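Structure first, commentary second.
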Amino acid sequence: MPVSCVQIQALPQHIDEEVVVRGWMYNKRSSGKIHFLQLRDGSGFVQAVMVKNEVAEEEFENAKNLWFEACLEVTGKVRADQRAPSGVELSVTALKVLHNPTEEYPIGKKEHGIDFLLDLRHLWLRSQRQHAIMKIREQVIWTTREYLRNNGFLLVDSPIITGSIGEGASGLFDLDYFDMGKAYLAQTGQLYAEAAAAAYGKVYTFGPTFRAEKSKTRRHLTEFWMVEPEVAFYDHEDNMHLQENLVSAIVEQVLLHCGKELALLERNVEPLKKVVPPFYRITYDDAVKKLHSLGSDIRYGEDFGNDDETILTQQYDKPVFVECYPKKVKAFYMKEHPTNPDLVLCDDLLAPEGYGEIIGGSQREDDMERLVARIREQGLPEESYTWYLDLRRYGTFIHSGFGMGIERVVAWICGLQHIREAIPWPRTIYRLNP
Ligand code: 4AD
Ligand code: MG
């Protein structure tokens, strides 16, 4: 009796046994007397070799007419094969066709345009390349959670439907909330993380966040996943240490567990091996000077554009912190710099190789009066921050935190051209389907 329904990734544990594998045929080569069926089942990829005289005649004939992505049940003997990427091959003894499509699979072996592939995202996810990206994404998320848990952080989920504006009034998705007027989709979980930090010390939130900015760059999604640690009694300096340690742990674990996937993506891993603390640091002021010397026309006091980030990160062989931006380009909650009231105690962490910002973080304004002044300056509705101001009213405390965009990190580690491949179902200003 064959071993029933073995996952492809487990085949090496069944050498010389007869097994049943269920999956989809993503490629096929045939010569008159032999079919090479390439199978995938989500756990891996394997070649099934079907020789004319070793299977029922009808089954051999059926295999001739298979279309790509036919769903199959293959019985076969597992053979060790050093040349195969999976280390094994299947010698087919029986083939059951569970479903043979009646039309050609739309994604072929030739090059397709990106919009065509995104329209077919529900099918494109089946490809080896997308599989590799999703595995690395999962590793990034897994390591993030593991690292934070092992370092004493408590996960405290924050709401997605909110009444207060987290980052700024532009770029909000709003909705009508019963009789209560406007509600917003969360741009960030930070304000809630701050409340949780006052309750539990070291915390993080992790969930989808939403930005209605009309950005059409290779770095922007309208829906993306953000992890946001927040720590009581951490200052700006402690905050940056946490960031460089977390990012280094993520890269280290991806290198350790996802070598096959990185190779499939043809990612040069040498730059990734350099990602160890300490990261480089530069102040905003010095970064602007450096950008000028590199030909940028950025004006002092502006936030960096995508091109500026690209130019800047190309100067460094590992991530670089840009610290202490002008107050007027940053969010209301950032703490004023102790010696220069025009600046705030914040950092953006930029990934190398032209990737740019993967983290935005800051020490938070713990002074009630200054915070209220900032809310007014930015024209935010003060009444919806009553609860947030309570955190300054009842035992205000030094605290800091940051937000790391999962897709930005995945795009960088995988070496992707565009962030939209780093999430299963990208949402951009042009895309709502599938
Ligand atoms: O710099 P941002 O806007 O910071 C915040 O939202 C803070 N409240 C975080 C905090 O301190 N708790 O966003 C943080 C990160 C960015 O560095 C980037 O990685 C990612 O979120 N991000 C985006 N990713 C994809 N598409 C977008 N439109 C993004 N906007 C921000
Ligand atoms: Mg930012």
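The values are calculated or read from the model by the stated rules, or taken from the named source; none is laboratory data. In this text the structure is predicted, and so the values were computed from the model without any measurement. A quick note on method: Cβ atoms are made from the backbone with ideal geometry, for glycine too, and the neighbour counts reach across all protein chains shown. The area values use the complete protein model at the heavy-atom level, side chains included, leaving out ligands, DNA and RNA. Shrake-Rupley method; radii C 1.70, N 1.55, O 1.52, S 1.80 Å.
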Mind checking which helices (runs of 4 or more DSSP H) fall wholly inside the stretch 367-429 and carry at least 2 residues that are in the same structural domain as E237 (by TED's automatic domain parsing) and within 18 Å of F206 (Cα to Cα)? 406-414
Within the stretch 15-101, strands (runs of 3 or more DSSP E) holding 1 or more residues that are closer than 26 Å to Q130 by Cα, touching a His at 6+ places or on another chain (Cβ under 7 Å) and without any contact (Cβ under 8 Å) to a residue 60 or more places away in the chain: 18-31, 71-80
For L389, the lone unmet condition from (1) within 21 Å of L343 (Cβ to Cβ); (2) of a type outside the set (S, T, N, Q); (3) free of Cβ contacts under 8 Å to residues at least 60 places away in the same chain; (4) more than 16 Å from ligand 2 (Cβ to nearest atom) is (1)
The listed residue being surrounded by fewer than 20 Cβ atoms within 10 Å (Cβ to Cβ), within 16 Å of ligand 2 (Cβ to nearest atom), within 18 Å of L191 (Cα to Cα) and not β-branched (V, I, T), out of Q363, Q378: Q378
So is G171 within 16 Å of ligand 2 (Cβ to nearest atom), modelled with pLDDT under 95, more than 16 Å from the chain's Cα centre (by Cα) and open to solvent by less than 60 Å² (accessible area, probe 1.4 Å) or not? yes
Would you point out which residue out of A263, A183, A193 is at pLDDT 95 or above, open to solvent by 60 Å² or more (accessible area, probe 1.4 Å) and over 17 Å from the mean Cα position of the chain (by Cα)? A263
For the stretch 69-92: of the residues being open to solvent by 60 Å² or more (accessible area, probe 1.4 Å) and modelled with pLDDT of 95 or more, which is nearest to S4 (Cα to Cα)? K77
Return yes when F397 is within 16 Å of ligand 2 (Cβ to nearest atom), of a type in the set (F, W, Y) and either in contact (Cβ under 8 Å) with a residue 12 or more places away in the chain or under 25 Å from F321 (Cα atoms) (or both) and no when it is not. no
Please find, among V320, V275, V288, the residue that is within 16 Å of ligand 2 (Cβ to nearest atom), β-branched (V, I, T) and modelled with pLDDT of 95 or more. V320
Out of (1) touching a helix residue (DSSP H, G or I) at 6+ places or on another chain (Cβ under 6 Å); (2) of a type in the set (A, V, I, L, M, F, W, C); (3) open to solvent by less than 20 Å² (accessible area, probe 1.4 Å), the one F397 does not meet is (1)
Going by what's in this entry, would A183 be described as in contact (Cβ under 8 Å) with a residue 24 or more places away in the chain, small (G, A, S) and on the phi < 0 side of the Ramachandran plot? no
Can you work out which of the residues in the stretch 298-346 that are basic (K, R) and away from ligand 1 (no atom under 16 Å from the Cβ) is most open to solvent (accessible area, probe 1.4 Å)? R299
Criterion: away from ligand 2 (no atom under 16 Å from the Cβ) and over 18 Å from R392 (Cα atoms) - qualifying residue of P326, P338: P338
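Residues checked against (1) more than 16 Å from ligand 2 (Cβ to nearest atom); (2) over 27 Å from N306 (Cα atoms):
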| position | (1), (2) |
| --- | --- |
| K214 | yes, no |
| P229 | no, no |
| Q253 | yes, yes |
| V269 | yes, no |
Please specify each residue of the stretch 141-165 satisfying the condition of being of a type in the set (K, R) and either within 17 Å of the chain's Cα centre (by Cα) or modelled with pLDDT under 95 (or both). R145
